[in-house]
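One structure below.
The values are calculated or read from the model by the stated rules, or taken from the named source; none is laboratory data. Bear in mind the structure is a predicted one, so any value in this text is a computation, not a measurement. All Cβ positions, glycine included, derive from the backbone under ideal geometry; neighbour counts span all protein chains shown.
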Amino acid sequence: MNLSLERPLAIFDLETTGTNITSDRIVEIAIIKVQPDGTEENYCKRVNPEMPIPALVSEIHGIYEKDIQDAPTFKDLANEIIAFIGDADLAGYNSNKFDIPVLAEELMRAGSDFDISKRKFVDVQNIFHKMEQRTLAAAYLFYCNKSIENAHNALYDAKATWDVLKAQIERYPDIKNDVTYLSEFSKAGNYNLLDFAGRLAIDDKGEAIYNFGKHKGKTIKQVAQIEPGYYGWMLDADFPLYTKQCLRREMDKIKAEREKAKETKETDIQSKLEALKNKFK
């Protein structure tokens, strides 16, 4: 069954040096780009992470330092990765929580102005968990009646994810064959996330809020008033670069609103003074 696409869909998977979004790096990236007419293109590259790969991690995905010592860095590959993705939306397995945030961090470190936030994101794991509560291997067996034989190979996992997504569309008549619907359906949590790591969100009133810690549920505007230093703490702490960028944008909006309110107040005062002067002339 072909997925109904208005623009291409890039199903991708990353192998990395670990699971820390802010500090770990990509060692392999694989992308299957599906066009609206159903044709597919593959992209798969090993990446030099410019940092050691822990032995335990290498044992999981099978990529050792000797395998990537002569590979290009992500910065070397950034432009061709961006060109391959093009205007495609993004899909993956656990991609909203991991692959997309990691990709966003790598793009920012590479100095790219690629605006990943303009895409729709389909997380196949979230669809699977909402419908069946399983892992990728179990999802592949459940939906495709096949066993994963080469787990943690990026291209193999990306292909398995694509097969599962197609099988999900066929299996559940309530799931619409549409990327916009799938993007919304595969979101996790009660709020629309503002950043990929889920530290910031938009509440049901359309306000930007903190989505973690002691100020969870409070608006960024409220916290800026009651604890101004919280913003600076987040910028200095070990949060993803993209989270910090989103927070700066919200604080810039708050600053602009304050300046506008100040200007309005000053204009109002000036108008009243002028009115008083004219009254006593």
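Annotation for the range 8-25: at least one member residue is of a type in the set (Gly, Ala, Ser) and either outside the structural domain of GLU170 (by TED's automatic domain parsing) or surrounded by 20 or more Cβ atoms within 10 Å (Cβ to Cβ) (or both). For the range 208-224, a residue qualifies if it is among the aliphatic types (A, V, I, L, M) and either in contact with a His (Cβ under 6 Å, 6 or more places away or on another chain) or surrounded by fewer than 16 Cβ atoms within 10 Å (Cβ to Cβ) (or both), and exactly one does: VAL223.
If you check ASP204, ASP157 for being in a helix (DSSP H, G or I) and acidic (Asp, Glu), only one passes: ASP157. Taken as a whole, the condition of being at pLDDT below 90 and in contact with a helix residue (DSSP H, G or I) (Cβ under 7 Å, 6 or more places away or on another chain) applies to ILE116. Annotation note: of ILE63, ILE82, the sole residue that is β-branched (Val, Ile, Thr) and within 19 Å of ARG119 (Cα to Cα) is ILE82.
Mind telling me which of the residues ALA167, ALA151 ends up being surrounded by fewer than 17 Cβ atoms within 10 Å (Cβ to Cβ), aliphatic (A, V, I, L, M), closer than 30 Å to ILE60 by Cα and without any contact (Cβ under 8 Å) to a residue 60 or more places away in the chain? Write out each step before concluding.
Values: ALA167 fails: surrounded by fewer than 17 Cβ atoms within 10 Å (Cβ to Cβ).
Sole residue among the options that is surrounded by fewer than 17 Cβ atoms within 10 Å (Cβ to Cβ), aliphatic (A, V, I, L, M), closer than 30 Å to ILE60 by Cα and without any contact (Cβ under 8 Å) to a residue 60 or more places away in the chain: ALA151.
Quick check, is GLU170 in a helix (DSSP H, G or I) and more than 15 Å from the chain's Cα centre (by Cα)? Considered against the rule, which asks whether it is in a helix (DSSP H, G or I) and more than 15 Å from the chain's Cα centre (by Cα), GLU170 comes out as yes. All but one of (1) out of contact with any Asp or Glu (no Cβ under 6 Å at 6 or more places or on another chain); (2) under 22 Å from TRP162 (Cβ atoms); (3) crowded, with 19+ Cβ neighbours inside 10 Å hold for GLU132; which doesn't? Evaluating GLU132 over (1) out of contact with any Asp or Glu (no Cβ under 6 Å at 6 or more places or on another chain); (2) under 22 Å from TRP162 (Cβ atoms); (3) crowded, with 19+ Cβ neighbours inside 10 Å leaves (3) as the failure.
All conditions but one from (1) closer than 30 Å to ASP113 by Cα; (2) at pLDDT 90 or above apply to GLU257; the one that does not is (2). Answer yes or no: is there a residue in the range 23-39 that is farther than 29 Å from THR180 by Cβ and either among the hydrophobic types (A, V, I, L, M, F, W, C) or free of Cβ contacts under 8 Å to residues at least 60 places away in the same chain (or both). Yes: one or more hits.
Restricting GLY232, GLY217, GLY198, GLY213 to those that are on the phi > 0 side of the Ramachandran plot, of a type in the set (Gly, Ala, Ser) and free of Cβ contacts under 8 Å to residues at least 12 places away in the same chain reduces the list to GLY213.
For every residue, the table says whether it meets (1) closer than 24 Å to LYS221 by Cα; (2) not acidic (Asp, Glu).
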| site | (1), (2) |
| --- | --- |
| ASP252 | yes, no |
| ARG258 | yes, yes |
| GLU263 | yes, no |
| GLU266 | yes, no |
| ALA275 | no, yes |
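Scanning the range 35-63 for residues being touching a helix residue (DSSP H, G or I) at 6+ places or on another chain (Cβ under 9 Å) and either crowded, with 16+ Cβ neighbours inside 10 Å or at pLDDT below 95 (or both) gives a total of 11.
If I filter the range 189-205 for residues that are at pLDDT below 90, surrounded by 15 or more Cβ atoms within 10 Å (Cβ to Cβ) and more than 22 Å from the chain's Cα centre (by Cα), do I get at least one hit? For the range 189-205, residues at pLDDT below 90, surrounded by 15 or more Cβ atoms within 10 Å (Cβ to Cβ) and more than 22 Å from the chain's Cα centre (by Cα): absent.
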